[in-house]
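S.K.: First, the structure itself, so that you have it in front of you.
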Amino acid sequence: MTGHRFDDITVESLMETGSMKWTRMPGHLAAFVAEMDFGTAPAVTQSLQNSTDKALWGYLPPAVTRDMSQATSEFLNTRYSWDVPSSRIYPTADVLSAYEVVLERFTKPGSAVILPTPAYMPFLTLTPLRGREIIQVPMIEGEGGRLEMDLEGIAAAFDQGAHLMILCNPHNPLGRVYTESELLALADVVEAKGGVVFSDEIHAPITFDDHAHIPYASLNETTAAHTLTATSASKAWNIPGLKCAQLIVSNDDHQASMKDIAFIVSHGAATPGVAANTAAYRDGGEWLEDVLGYIDDNRALLSGLLATHLPEVTYREPEGTYIAWLDAKGLPDIKGDRSWAQFFSDEARVGLTDGALCGEAGVDHLRLMLSTPHHILEKIVIAMAEAVRKHES
Ligand SMILES: Cc1ncc(COP(=O)(O)O)c(C=O)c1O
C-alpha cells in the first residue's frame, strides 16, 4: 500500500487547490462530497488543453456531440457488452438534469416517484421541487446482511400511484452493485405495474472484485423498453464541474419523442465537458484502473482503521463507488441532540454527510468518501476516534 504518487498529496495542497470538497467546510478534513482528491486523467487534461488552444467554448457543435455519443457507445460495449447505437445517447448537463427531463417528459403528470432508501440526497429534495411526491422504500437486509431492494415495498408503492422508480446502480450511498438476479426480479415488478425506471449509473465504472456492473436496460427487451438511463464520466474521472452527462434512450417511443426536446436536453452541457467525457471514455482507461486499485486498498484500510480505533462504527466494504456507508448506531450516547455528522464536525473537524439526508433509513449513519490518500483516511478515522474517546470519558 506504499509508494503510490497519491501518497504525496497533502491536506494543505488540497485546500490550496480550492475544490468544493476542501473549501466548503474550512478547517475540516473533508470526506462529505463525491469528489476525488486525485485530479483527473491526462487524457482529460489534454482534451481541455485542446479546447483551450482552439478557444472552442461556443455552443455545442454537432460534431463534438456525435463524437461523445460514439465514444460512449464504444465504452458501454467494451466495458459492459451493452450494444447501444450512438443515436440513442444524448449529452446533457448532468445526471440531475437528465432526471428532471425523465420526470417531466416520460412519466404520468404529477405521479409519485419510488426511491429505495438510503439514497443520494438530492433525489429527496429535487423531486418535491418539481411537484412530485417521493415514496421512500427502505432497503431490507438480505443475504449475509447485505442491503437489498424491498420488492414488495416497491410493488406497494406502484399501487399507491407511483409511476417512476429511481434505480441507483452502483448504489450511492450503500456501494451495492446489483446482481443480475436482483435486477431481473426488480424488472418483473416494474413490468407488472407498468412502471418506468430512471437508472442512475453515474458510478458504473467504479466496481471492485468480481462485482461487475450490469446496465439495467441491457438485461433484455423488457428492461430496455421501460428504462431511461443516465451516466457520465464525471464520477470515475472526477470532472462533475465540466457539466456533461449522457441520457441513454432505449425505448423506441421515447426516442421518437426526443426529437423536439433534444436541443433543450443538451443545452446545459458544456462544450469542453462533452469533449472531456469523450476523452475519458476513449483514453482514460489506464488512469482509471490505477485509481480503482488505490481506492480498493482504501476499502480494506478503512475496515482495519475502524476495527482498531473505532470498533463501534461498522461498515461493509462497498462493491462499487468510492463511498463508505458507516453505521454509527453502536457509538456511545455522547452527541446530545446533534446528528453524528454534526458531532464529528464540531468535535473532530471531520466533514461527513449526515445519513439522515439520504432518507429516514439513513438516520445515525454517515457517508464518507474513500477517494482520498491513505494517510488522510487514517487521519480522518483517528480524529473521529479521538473525539469519541474524549467525550465518553
Ligand atoms: C448517484 C448519484 N447520482 C447523481 C449524482 C449527481 O450527478 P450530476 O452532478 O451529474 O448531476 C451523484 C453525484 O455524486 C451521484 O452520486
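Laboratory data are not the source of any read-out in this text; all were calculated from the coordinates shown. Source: prediction; values computed, not measured. Methodologically, a virtual Cβ is constructed for each residue, glycine included, from the backbone with ideal geometry; neighbour enumeration extends over all protein chains shown.
S.K.: How far apart, in nm, are the 7 Å Cα→Cβ label points at Lys108 and Thr314?
M.R.: Roughly 4.0 nm, to one decimal.
S.K.: Right, something else. Among Ala212, Ala156, Ala276, determine the one that fluctuates most according to a GNM of the chain built with springs between C-alpha atoms less than 10 Å apart.
M.R.: Largest GNM mean-square fluctuation: Ala156.
S.K.: So how much slack lies between Asp337 and Asp252, counting 0.36 nm per residue of separation and subtracting their Cα-Cα distance, in nm?
M.R.: Contour length minus Cα-Cα distance gives 25.4 nm.
S.K.: Still on this structure: Check the straight Cα-Cα distances from Lys390 and name the aspartates and glutamates below 12 Å, setting aside those fewer than 8 residues away within the same chain.
M.R.: Output for Lys390: Glu347.
S.K.: Next question. What is the dipole size for segment 268-393, taken about its Cα centre, with +1 at each Lys and Arg Cβ and -1 at each Asp and Glu Cβ, in debye to the nearest 20?
M.R.: Its charge dipole is roughly 240 debye.
S.K.: Nearest 20 debye, what's the magnitude of the dipole of the chain about its Cα centre given +1 on Lys and Arg Cβ and -1 on Asp and Glu Cβ? If you can, show how the numbers build up before the last one.
M.R.: Details: 28 positive and 52 negative charges, 224 e Å.
Using Cβ point charges on Lys, Arg, Asp and Glu, the chain gives about 1080 debye.
S.K.: Under 8 Å for C-alpha pairs, at least 6 residues apart: give me the relative contact order for the chain, rounded to a whole percent.
M.R.: With pairs under 8 Å counted, the relative contact order is 24 percent.
S.K.: Label-point separation (nm) for Ala63 and Glu152, each offset 7 Å from Cα along Cα-to-Cβ?
M.R.: The modelled label-to-label distance comes out at 5.9 nm.
S.K.: Quick test of the membrane-span-like rule: which DSSP H helices of the chain reach at least 15 Å along their long axis (C-alpha atoms) with mean Kyte hydropathy at least -1.0?
M.R.: Answer set is 42-54, 62-80, 95-106, 180-193, 271-283, 285-309, 374-392.
S.K.: Here is a further query. Most fluctuating residue of Glu148, Glu12, Glu312 in a GNM of the chain with Cα springs under 10 Å: which is it?
M.R.: Answer for the Gaussian network model of the chain: Glu12.
S.K.: Of the residues Gly144, Gly153, Gly284, which exhibits the maximal mean-square fluctuation in a Gaussian network model of the chain defined by a 10 Å Cα contact cut-off?
M.R.: Comparing Gly144, Gly153, Gly284 in the GNM, the peak value goes to Gly144.
S.K.: Follow-up question, since we're still on this one. In the chain, what percentage of the DSSP-assigned beta bridges are antiparallel, given to the nearest 5?
M.R.: Taking every DSSP beta bridge within the chain, about 50 percent pair in antiparallel fashion.
S.K.: Segment 43-283: percent of C-alpha pairs farther apart than 28 Å?
M.R.: Numbers: 8266 of 28920 pairs.
Percent of Cα pairs beyond 28 Å in segment 43-283: 29.
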